[in-house]
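Laboratory data are not the source of any read-out in this text; all were calculated from the coordinates shown. Everything quoted here is computed from the prediction, not taken from an experiment. So basically every Cβ, Gly included, is an ideal-geometry build from the backbone, and we count neighbours across all protein chains shown.
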Amino acid sequence: MSVVKINVLSVPPEMRETLEKRFAGRAGMVESADGFEWFELLRPLDGTDNYLVYTRWRSAEDFEAWQSSQAFSAGHARAAAAGGPPPTGHPGSGAAGGPAASGAELWSFEVLQSAGSKT
Ligand code: HEM
């Protein structure tokens, strides 16, 4: 059964552009991780500061293996190098050269059902 891991990034309005640019130039390594199924970056439309990084995996073990892999570190190298702690920790506040997110929270789900368009 697939699992969904959503990283909820709290991004103040003045840091949105920075965050979106970082993702636009993201490493793209997650796509080649074993057990990876899906990724989406979701921008909020309802006035909150919460961007969702949606990922879906074949199993929780596959997600955990990616999280402790070189690919995860490489995919977060710029976020870490930008002045904050490594992404396993809580990021600091978003000064100009610092991390774009002022907070992060990981949500975990298992997929019970899914459907898509037939066209
Ligand atoms: C404190 C925690 C975290 C922060 C602040 C954070 C922030 C970011 C940022 C800014 C990027 C853009 C790439 C870059 O800047 O180099 C990124 C990439 C990414 N993040 Fe996170 N992240 C965190 C933890 C996580 C976790 C736990 C997940 C699991 C769902 C995750 C999923 C991803 C994915 C899939 C990418 C794209 C990597 C690629 O293209 O290979 N992140 N993250």
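For the chain, what is the convex hull volume of its Cα atoms per residue in Å³?
123
Please report Ser108, Ser69, Ser102, Ser117 as a ranked list, fewest other C-beta atoms within 10 angstrom at the top and most at the bottom.
Ranking Ser108, Ser69, Ser102, Ser117 by Cβ neighbours within 10 Å, fewest first, gives Ser117, Ser108, Ser69, Ser102.
Only counting other Cβ atoms within 10 Å, I'd like Trp66, Trp38 sorted with the fewest neighbours first. Walk me through the numbers on the way to the answer.
Values: Trp66 22, Trp38 13.
Lowest to highest Cβ neighbour count: Trp38, Trp66.
Using the Karplus curve 6.51 cos²θ - 1.76 cosθ + 1.60 with θ = phi - 60°, what ³J(HN,Hα) values do you get for each residue of segment 44-51, in whole Hz, with x for Gly and Pro?
Karplus values, whole Hz, x for Gly and Pro: x, 10, 9, x, 8, 9, 8, 7.
Between Glu110 and Gln70, what is 0.36 nm times their sequence separation minus the Cα-Cα distance? Round to one decimal in nm.
Full-extension gain reported as 11.9 nm.
Among 27-36, 45-54, 72-81, how do they line up from the highest to the lowest mean number of other beta-carbon atoms within 10 Å?
The densest-packed peptide leads the list: 72-81, 27-36, 45-54.
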